[in-house]
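Below: one structure, written as structure tokens.
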Amino acid sequence: MIEYDQFINGRFVRSTSTDVIKIINPCTEEVIATIPKGSVKDANDALEAANIAQSKWKALTAIERASYLHKMADVIRENRISLAQTLAKEQAKVIGLAQVEIDVTAEYFDYNAGWARRIEGEIIQSDRPKEHIYLHKAPIGVAVGICPWNFPFFVMARKIAPSIVTGNTCIIKPSSEAPMTIMEFAKLVEKLDLPEGVVNFVCGSGSIVGNALSKSPIPGIISLTGSVQAGQRIISATAENITKVSLELGGKAPAIVCADANMDLAVNAVVTSRVIFSGQVCNCAERVYVEDSAYDEFMEKITKKMSEVNVQDAFSDDNPDMSSMVSKDQVDKVEEMVEFAKKEGAEVVVGGKRIDQFDKGFYYQPTLLTNCRQDMQIIQEEVFGPVLPVVKFGSLDEAIAMANDSQYGLTSSVFSENFNKVMHVSNELQFGETYINREHFEAIQGFHAGWKKSGIGGADGKHGMEEYLQTKVIYAQYS
Ligand code: NAD
């Protein structure tokens, strides 16, 4: 069993709290590691270290800072197999997907390093003679990155890479459900010649460590990826100091399938988007609206596809589509939501139960529900599991209205072979991302950002990097 410490100011240190949180392998239910429960003092020590380190760090040229991002990418690639195994073990992510997450994370560091020479300001025309108005992009200071458990390694990079290339220092708080791969990365960072305090990792609960980091006057930005509830608590915690927040929160992505869609493509894309990582993905397709004239064909095809989803141990050689859910709490919640949907009138076409063929683990069947209505909980609330409710629509306007009838606005998709139709729908959808005739999966050079309760600000690409920059204007009058 591995015991992790905090990583503060360039070295591993014991937490001032002696309490620990146990990390469980969801497939075997064995305790495989412990992390510190963390304390307010740990959070404050990390903030102080990051704050002290920032003035020297920002004084380096952007290209020097970028060289450390390349080093991080290199050590991830050198350790790609063991990191993927840790990731698969700590959260039952099938090993193939875990490997993709590790490899994309290395790319993410390299991609952000590439921005070093491209961070640009502007010179604006003045109304006065002999004056230049310079608009600079300055680092915002100390960045706090609070991570979820579902894509912990990639999301960690989403916070570290853009923040440090732009001259900020950073503190990462991993989720207590999946901190191991991040803390293994901390061990690799310790061996780099990165100046101390530039990147810190503090484990612990959201209510103690996350809250202390968010409430402090030190950070320039708190960047959370997590639930709406955590986002709301962070908004409250940051209110006193008016600290900037960037919030990537939950979703309830609609997929609109028109009668003129390529039905095989639509079915493959929707099922892939729904069952990847056992449905525990913020941008998963979570509800499908199907045009009534194509409903029977769609249902026949999707019933077959959902029935064929291969569920196995995360390390199975059988190339599974999904595995156990991350925890007992998570599977209990999904079970409860499906049972409630049944009471509200949903009909189970595929699945609808826990899987009991495995001795251990928290497995739930890929589940397809029909007879669903817009007012049902299963259509309105995020389901972090492999459950897909289907609703029929008559007109396209009706489909758009039902898709937009949501507190969330993260991702969405539309399937049709008619260009005018897909352009109209994507224009009307109130979601940060719309995928046309493809699965839900964003690109590192895009901009991943939610509307409504799905968040504030966003990540990735040029616009994600700008979250970590403060705009300063200098009026330079000369004689
Ligand atoms: P969560 O909100 O339970 O936890 C996320 C992080 O917030 C954890 O590190 C947690 O310790 C911390 N936290 C909790 N309360 C806090 C508080 N009061 N102050 C500071 N920090 C606090 O979310 P989760 O269960 O880890 O992740 C699942 C959720 O994340 C889902 O809703 C999912 O949709 C969302 N998510 C969104 C995106 C996105 O890009 N929009 C990506 C992945 C996950």
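Quick one: which residues, 5 or more positions from A314 or on another chain, have an amide H under 5 Å from its amide H? H modelled 1.01 Å from N in the peptide plane, none for Pro or chain starts.
S324
Find which of V104, Q330, Y4 sits farthest along the positive direction of the dipole of the chain, computed with +1 on the beta-carbon of Lys and Arg, -1 on that of Asp and Glu, about the Cα centre.
The residue sitting most towards the positive pole is Y4.
Give the distance, in whole Å, between the Cα centre of region 80-100 and the Cα centre of region 8-43.
Region 80-100 and region 8-43 have Cα centres separated by 20 Å.
Put +1 on the Cβ of every Lys and Arg and -1 on every Asp and Glu Cβ in the chain; which of A113, A449, M156 then has its Cα farthest towards the positive end of the dipole?
A113
Dipole of region 253-443 (Lys/Arg Cβ +1, Asp/Glu Cβ -1, origin at the Cα centre): which of A403, V383, C284 lies farthest to the positive side?
Looking along the dipole axis, the top candidate is V383.
Take the Cα pairs of region 347-479, get the Kirkwood Rh, then feed it into Stokes-Einstein at 37 °C and 0.692 mPa s and tell me D in µm²/s. Intermediate values should be presented prior to the final figure.
Numbers: Rh = 18.1 Å.
Estimated diffusion coefficient is 182 µm²/s.
Tell me the volume per residue, in Å³, of the convex hull enclosing the alpha carbons of the chain.
Working: hull volume 73.7 nm³, N = 479.
Each residue corresponds to 154 Å³ of Cα convex hull volume.
Hey, could you grab the Kirkwood Rh for region 159-229? Inverse mean 1/r over distinct alpha carbon pairs, Å, one decimal. If you can, show how the numbers build up before the last one.
Numbers: mean 1/r = 0.0759 Å⁻¹.
Every distinct Cα pair counted, the radius reaches 13.2 Å.
Which value, in debye to the nearest 20, gives the size of the charge dipole of region 253-443 about its Cα centre, when Lys and Arg are +1 and Asp and Glu are -1 at the Cβ?
Values: 16 positive and 33 negative charges, 34 e Å.
So the magnitude is around 160 debye.
Above 22 Å lies some portion of the pair distances; for region 253-443, what is it as a whole percent of all C-alpha pairs? Kindly include the intermediate steps, with their values, before the conclusion.
On the way: 7538 of 18145 pairs.
Result for the distance tail: 42 percent.
What lysines could a cross-link reach from K333, if we take a straight Cα to Cα line under 23 Å and drop same-chain neighbours fewer than 8 places away?
K333 reaches K22, K89, K93, K252, K342, K343, K353, K360, K453.
For region 219-337, max minus min Cα coordinate along each principal axis, in Å, sorted largest first?
The Cα atoms of region 219-337 stretch 55, 37, 26 Å along the principal axes, largest first.
Give me the percent of DSSP beta bridges within the chain that run antiparallel, rounded to the nearest 5.
Numbers: 31 of 70 bridges.
Beta bridges within the chain, antiparallel portion: roughly 45 percent.
Using only helices, what value at 222 nm comes out for the chain when you add -39,500 (n - 2.57) per DSSP H run of length 4 or more and divide by the total residues, to the nearest 500 deg cm²/dmol? Intermediate values should be presented prior to the final figure.
On the way: 15 runs with 182 residues, N = 479.
One gets -12000 deg cm²/dmol as the mean residue ellipticity at 222 nm.
If you filter region 110-145 for GluC sites (Glu not before Pro), then keep DSSP loop positions with at most 14 other Cβ within 10 Å, what is left?
Details: sites: E120, E122, E131; in loops: E120.
Loop-located and lightly packed - E120.
For a quick check of understanding: with a 1.4 angstrom probe and all protein chains in place, what accessible area in square angstrom does Y408 have, to the nearest ten?
Here the residue's solvent-accessible area equals roughly 20 Å².
Using the Cα centre as the reference, give the magnitude of the dipole from point charges on the C-beta atoms of the chain (Lys, Arg: +1; Asp, Glu: -1; all else neutral), rounded to the nearest 20 debye.
Details: 47 positive and 63 negative charges, 345 e Å.
Roughly 1660 debye, rounded to the nearest 20.
The values are calculated or read from the model by the stated rules, or taken from the named source; none is laboratory data. This one's a predicted model, so the numbers in the text were calculated from it and none came from an experiment. Note that each Cβ is placed from the backbone with ideal geometry, even for glycine, and that neighbours are counted across all protein chains shown. Each accessible area value is taken on the protein alone, full model and side chains, heavy atoms only, with ligands, DNA and RNA left out. Shrake-Rupley method; radii C 1.70, N 1.55, O 1.52, S 1.80 Å.
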